[in-house]
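Some notes on the structure that comes next.
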């Protein structure tokens, strides 16, 4: 049975809402992971692996559900972590900045193009 345009629009809106919820969950998980690492409750290698997985998931949510600012920030975060083998304490502040910017991308930029979030993207750690 094919959906009519109203049903299709409603389904897309529902899925997009679930994408926002999933992104918020992943961001909360990033914060939890970072807090556990800072308390010494999570090994540095395991923490970095989990942060990478969560960030990749956020990039996928952004790309799949037309949240380009989220996808761009997550992509840059992946680039920032490239080549790192373990989470080091000096990385914590930068990771917190990326996490904050991804949250901002979800809450404030939605489906805006990355150009609309120029300051947010340009001020990311490198």
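The calculated FRET efficiency for the pair residue 92 and residue 20, based on their C-beta separation and a Förster distance of 25 Å, comes to about 0.40.
Ranking of 104, 85 by neighbouring Cβ atoms within 10 Å, starting from the fewest: 85, 104. Were the residues from residue 49 through residue 100 laid out at 0.36 nm apart, the gain over their Cα-Cα distance would be 16.4 nm. The length gained by stretching the chain between residue 111 and residue 38 to full extension, at 0.36 nm per residue less their Cα-Cα distance, is 23.0 nm. Kirkwood hydrodynamic radius of region 17-122, from the reciprocal of the average inverse Cα-Cα distance over all distinct pairs: 13.6 Å.
Taking other C-beta atoms within 10 Å as the exposure proxy, 42, 15 rank 15, 42 from fewest upward. Relative contact order of region 58-126: 41 percent, from C-alpha pairs under 8 Å at least 6 residues apart in sequence. Of the residues 25, 4, the one with the fewest other Cβ atoms within 10 Å heads the list, and the complete ranking is 4, 25.
Each value in this text was obtained by applying a stated rule to the coordinates, not by laboratory testing. No experiment lies behind these values; they were computed from the predicted model shown. A quick note on method: Cβ atoms are made from the backbone with ideal geometry, for glycine too, and the neighbour counts reach across all protein chains shown.
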